[in-house]
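Here's the structure we're looking at; comments come further down.
The values are calculated or read from the model by the stated rules, or taken from the named source; none is laboratory data. On a predicted model such as this, the values are computed, not experimentally measured, just so you know. As a convention, Cβ positions derive from the backbone with ideal geometry for all residues, glycine included, and neighbour counts pool all protein chains shown. Just so you know, the surface numbers come from the protein's heavy atoms only, side chains and all, with ligands and any DNA or RNA stripped out. Shrake-Rupley method; radii C 1.70, N 1.55, O 1.52, S 1.80 Å.
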Amino acid sequence: MFLKNFFRGSQSVEKAAEMQADEHESEFSENSNLLEQENLVSDSPSLVENPEPSNLINSKTPLSIEEAQLEGRVIEAISTIFDPEIPVNIYELGLIYNIGLSKPGNIRVEMTLTSPSCPVAGTLPGDVQRVVESVDGAANVEVDLVWDPPWTPEKMTEAAKLELGFM
């Protein structure tokens with residue numbers, strides 16, 4: 001059963017990374033066109049205003065190859081952590097709300113739990129921090145436990161819903 005879940009999880013992680021890369025590429029094209037239309041881009045490199053880059057992986061800013069690879073490794077590491085009461089990893093459960101990074105290798109993970117009274121509330125964020133710190137390229141890792149928005153079953157991936165009989 002573990003291997004089946006691991007295989008499903010790794011396929012979902014790869015598919016999610018591919019989908020996000022496609023989405024970022026499309027958004028980059030759209031943003032470039034908008035900048036050109038609004039005359040915010042100059043032909044002279046010295047006059048181009050360089051907006052403040054976003055530090056969030058899940059933002060609209062396209063990922064560099066290195067950032068996309070680091071994000072994939074972070075997701076893969078987080079996907080090894082399972083909720084002790086539910087046979088699905090916490091990434092597929094939708095407990096990870098955001099993965100952000102800033103150079104060099106500073107990673108911020110925003111996560112939640114299925115409920116504030118979750119029995120692993122005191123240990124699960126530490127587990128996430130530990131596995132993300134073990135990722136090649138991670139320098140400093142911060143894990144923030146948030147309650148807004150509250151977790152709901154709709155946040156689960158289709159694979160998790162299928163595994164748990166929600167579909």
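Observations, loosely collected:
- Formal net charge of residues neighbouring Ser115 (Cβ-Cβ distance under 14 Å; K, R +1; D, E -1): -2
- A 1.4 Å probe run over segment 101-167, with the rest of the protein chains in place, finds 57 Å² accessible per residue.
- Of every Cα-Cα pair in segment 126-167, the percent that sits beyond 14 Å: 63 percent
- Summing charges over neighbours of Ile90, with a neighbour being any other residue whose Cβ is under 12 Å away from its Cβ, gives -3 when K and R count +1 and D and E count -1.
- Counting DSSP beta bridges with both ends in segment 100-167, the antiparallel % (nearest 5): 35 percent
- Using alpha carbons only: equivalent-ellipsoid semi-axes of segment 67-153, gyration tensor based, whole Å: 22, 13, 11
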